[in-house]
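Only one structure is covered here, and it is reproduced in the block below.
The values are calculated or read from the model by the stated rules, or taken from the named source; none is laboratory data. Being a predicted model, the structure only gives us computed values, none of them experimental. Cβ placement follows ideal geometry from the backbone for every residue including glycine, while neighbour counts extend to all protein chains displayed. Protein only, heavy atoms only, side chains kept; ligands, DNA and RNA dropped before computing areas. Shrake-Rupley method; radii C 1.70, N 1.55, O 1.52, S 1.80 Å.
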Amino acid sequence: MPTPEEVRLRFNILGPIEGWSNGTRLRLGGIIQKRVLATLLMEPGKVLPISRLIEAAWEEEPPPTAPHQVRKAVADLRRRIPGGARVLLTDGPGYRVADERCEIDLSEFGLLIRKSKQTASEGRTAEAAEMLRGALALWRGPVLSGGGGPVVEAAATSIDERRLTAAEQLFELRLGLGEAAALVVEIRELVQQYPLRESLRGQLMIALYRSGRQAEALEEYGRVRVLLVEELGIDPGPHLTKLYEGILRESPDLTGPEPAGPDLTGPEPAAARGLPVVLPAEPPSTLPYDLADFTGRDRELAEILRAAEDGGEQGPQIVAIDGMGGCGKTSLAVRAARRLAPEYPDGRLHIDLRGYTPGDQPVTAGMALDSLLRALGVPGTLIPDDVPARIALWRATLAGKRLLILFDNAADAGAIRPLLPATPGCLVIVTSRARLVDLDGARWISIGVMPPQDSAMLVAKTLGARRVAAEPEAAAELARLCGHLPLALRIATARLRNRPRWTLQYLAERLRDETRRLDELSSGARSVSATLRLSYQALDEECRHAFSTLALHPGSDMDIHAAGALLGSGARDAENLLEMLLDVHLVQQPEIGLYTFHDLVRSFAQSLLDEAGEDSGAVERLLGYYLTATEVACDLLYSGRRRRSTGIPPSTAELPDLATTERARKWFLREQSALLAAVTLAERRGHDRYVVCLARNLVFQLNDLGLLEEFGELSRVAVAAAGRLQDLALLGVSLSNLAVAGWKLGRLTEGLEAARESRDVAIRLGDLHTRAHSESILGQFNSLLGEFSDALGHMETAIAHERDLGIPRAEAESLTILSTLYEQWGRYEEARDAALRSAALSRRLGQHEGLPGAITDLAFAHVGLGAYEEADRCLAEARELYGDAGNEVNLALTLALSADVDDLLGRPPREPDQAELALALMRANSSPLRRAKVENMVGRLRRRQGDVVAALALHTHAHELSSSLSYRIEEAYALAGMADALGDTPDAVRHRVAAEELFAGMGVPEGRRRGHG
């Protein structure tokens, strides 16, 4: 018989518990012994009190004799395990396992994970992957096969999370080794077990995409999206959404490495031979995931399938499903679409039009068409800017095709009409809360609440047949109290799953109490409110107040600082309240630090405000917080910006960390939608001073990002609010911003009127800052109109005031405008001097966002002077300063000039072609002035390169833009370019005469024009 020192013990708990001694399996006794031993083995070396072992051993209430039974179980285990007294030690108030005397698979698992992490950090990826494979191979199933009390259950959940994390780490390493294709099946198996785990779903999407299966990767996103909405009431998180968008546009960042260890004896790959790689041409499918526990609706489903078969001969077949919120319209539509999918081989598309999403704007026709066209594989560069052209492209693309298109959550018929195909062959399925009777040609199918038998089936499927069979009458009552509404039933059964000690009867009693205070439970919609009210009533008074008050936040997501401002508390106190609400599923967490309401939950919370009244100061606290935070961010991001008195005391709310420009930029970008919504909230509540001051801060970022339409709209709102306030100082600033927006958007009348009014207000107030800005804008407009002498007067006045006031940022901006004016005039030496002064001021300010524009202006002047090498050096610096995130409007000009200078220096075009990149940027932008200039530049370049067809097209479009905007200098260049492209023709003579008249009127001599010589 072996001595204690010779006994080799091993315990396995990663599955059914096993004990082994020198290769012989041990008999460990009954369930209590196994649970006690497993609990000790899960924390080897740690003393566990008897009370903890009792919690682990009994699932229900332990018997009074439980302490005695635990001690008895330990004594029995010591007899069964060789040398058991040295392995299971009594230590003070409890017991512990002497882990140095035995091997434990869980400890081995942890050791391999740690070694793998270290190995991977040393760059030995393949070895690290093998270690992870070894760790996962130890796994034989759930701890104790899923049995045990709450302690074992919690520990088993934690261990299973470690297993999943290890599997994800292994998948990540193998993806890095180029094993994408081989991984698809393995990841999919795990996804089927954990369908709500977004990180796994993301890895499956990457594996599919890298295997050339883009359509399937996009389909996975659709599946998890509908699953998350149905199960949890949330959308996919930002990481998964960003991955989906990257796959949709075929981002190069998602391209993985080539598989390791190629077969060197096989044929040489096509890419290596310089031949194009043929990608799989699969039809797109973005339909959401079909719910595995979809229940009932047999009659409605059959009606949809019959309606789909009655295809129209003159146009698309339209099947529209209407019903109240939460009745399962989307789930039914997806089930029908999946059944019908084989009949539509050219693609199956889905888009959420967000017609009934509280706090969110419906998806516009332009946005919807953009998404649909991209889903069909149309490159973004080929998608037109205007909606009519997108409609035409969409319908032309669908001509002769058989596609199934699901338009989900439509607000009205107007949202659908622009999206309809024009030819037969396609099936359109629409869902809406209202019946859209004015959508001609639609076959409508209305659905209500579920029949009682279907409700019972849904409860059984979502909760488990065994649990329902134990309380059939309570299950039927639960379904009735939920109004037989699918969403209410899912919320109720989810609460029961999360609270295993609750009985169905207990929840039914709670529902009965709550619905006595509801007016319209039988109508269906109130049953969702009743279900949510259960969670609300379980909160303490502080959490109830927080829940309703937080619904005042106007954005889709809020961070803890915005929540703290609303609640009048510190950020951490707000976070604690949000976490409590998260625990009862009254808020969701799309990512760490951000919280959001599901749309129906937000509606419920807002109804509470109607019932009990809101915290009167909450909205103003939020607006004050946003104003103070944006002031701090703007000071960091826009150096040299003048602070103006707002008339509003600084907020005392806790601010986020905005200590660096990078943090300020990230915060500003993340909060941009919420800030725009806050301005709308302030306007709606009559807080006009906040409207003006918040808008002033926001337009800096909108202008910097090239979001010109938003810039213009926000400026109009601010002007109206300042007018209501009768505050001339704020009115002058707001008018000045509106004038800038009008200039950039090419809205001459509006912009010029705003600039003049702004200047007049500034003169009345003696406000030299606003007057200087207004003079600068008037200079821009006069330059636009070709009135160069008047423009020069305005610019000289503006620059003189800015220099006297000591505002170098504004002076630098005005100098770039002056440089552009001189360059248009043909006065290249003066253009060079102004650009040099602007660049010097920008550098002194710390390379603020205006520097690359000033350097590009300097390059223009050098080109006019024939100093092409100098221009080339300037443009290289400008491109580097713009980087990957520069203002696209300005970057396009830099790229177009770079292509021009390369050609003038005798160089071949770069790869990719800088001129084509510039044109692509302008097609996607809303600045018609800049587009006209870029198209004229590229047109002259194409003519020099011998492509007169392309040159004529570019100049013709530039002429349409510039003449409609009274942009005289570019109108003249467009006419001259058209004449040059047309050669010796009557039209060419006519265009050249018109161009000369314009040049002469502006005083631009022939030898001082772009492209001369």
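Points to keep in mind about this one:
- Straight-line cross-link partners of Lys242 among the lysines, defined as a Cα under 28 Å from its Cα and at least 8 positions apart when in the same chain: Lys117, Lys329, Lys666.
- Per-selection Rg to Rh, region 752-797 - Cα, Kirkwood hydrodynamic radius: 0.98
- Residue among Thr286, Gly983, Tyr973 farthest towards the positive dipole end of the chain, charges placed on Cβ: Thr286
- Working note: Cα atoms of region 9-161, range along each principal axis, descending, whole Å: 56, 32, 27.
- Rg to Rh, two decimals, where region 383-452 supplies the alpha carbon set and Rh follows Kirkwood: 1.04
- Note: the chain, Cα convex hull, 223 Å³ per residue.
- Packing-based order for 695-702, 770-777, 382-389, 338-345, using average beta carbon neighbours within 10 Å, highest first: 770-777, 695-702, 338-345, 382-389
- Cα-based equivalent ellipsoid, region 929-998: semi-axes from gyration tensor eigenvalues, Å: 17, 15, 8
- Packing, as the average of other Cβ atoms within 10 Å across residues, places the peptides 70-76, 572-578 in the order 572-578, 70-76, highest first.
- Each residue of region 410-420 was assigned a 3J(HN,Hα) from its phi angle through the Karplus expression (A = 6.51, B = -1.76, C = 1.60, θ = phi - 60°), giving 7, 7, 7, 5, x, 6, 9, 3, x, 9, 6 Hz with x at Gly and Pro.
- Degrees, to the nearest 10: 768-784 long Cα axis against longest axis of the chain: 70
- Computed about its Cα centre, the charge dipole of region 298-446 is approximately 280 debye, with only Lys, Arg, Asp and Glu carrying charge at their Cβ.
- The alpha carbon centroids of region 739-787 and region 652-701 are separated by 25 Å.
- With all projection directions averaged, the alpha carbon convex hull of region 182-254 covers 4.4 nm².
- Karplus (6.51, -1.76, 1.60) ³J(HN,Hα), θ = phi - 60°, over region 202-212, in Hz, Gly and Pro reported as x: x, 5, 5, 4, 5, 4, 5, 4, 6, 8, x
- Whole-Å semi-axes of region 298-446's equivalent ellipsoid (Cα gyration tensor): 23, 19, 13
- Summary value for the chain: 5 percent relative contact order, contacts being C-alpha pairs under 8 angstrom separated by 6+ residues.
- Net charge dipole size for the chain [Lys, Arg +1 and Asp, Glu -1 on Cβ; Debye, nearest 20]: 2560
- Mean separation of Cα contacts under 8 Å (6+ apart) over length of region 1-160, as relative contact order %: 31
- Most tightly packed first, judged by the mean number of other beta-carbon atoms within 10 Å of their residues, the peptides 472-484, 646-658 read 472-484, 646-658.
- Close amide H pairs (under 5 Å, H built 1.01 Å from N) link Ser446 with Asp322, residues at least 5 positions away or on another chain.
- Relative contact order (%) - region 358-463, alpha-carbon pairs under 8 angstrom, separation at least six: 22
- Backbone geometry of region 876-881 corresponds, through the Karplus equation with coefficients 6.51, -1.76 and 1.60 at θ = phi - 60°, to 3J(HN,Hα) couplings of 4, 5, 4, 4, 5, 5 Hz, x marking Gly and Pro.
- DSSP finds beta bridges in the chain, and of those with both partners inside it, around 40 percent are antiparallel.
- Alpha-carbon centroid distance for the pair region 84-135 / region 610-637, whole angstrom: 51
- Between helix 105-121 and the chain: long-axis angle, C-alpha atoms, 0 to 90°, nearest 10: 20
- Calculated on the Cα set of region 895-957, radius of gyration then Dmax: 11.0, 33 Å.
- Accessible area of the chain divided out per residue, in Å², using a probe of 1.4 angstrom: 44
- Only helices enter the 222 nm calculation for the chain: every DSSP H run of n ≥ 4 contributes -39,500 (n - 2.57), and dividing by all residues gives -20000 deg cm²/dmol, rounded to 500.
- Measure of compaction for region 828-980 (Cα Rg per 2.2 N^0.38 Å): 1.01
- Per the Kirkwood formula applied to alpha carbons, region 727-844 shows a radius of gyration over Rh ratio, Rg over Rh, of 0.97.
- Spatial separation of Cα centroids for region 378-409 and region 930-984, in angstrom: 29
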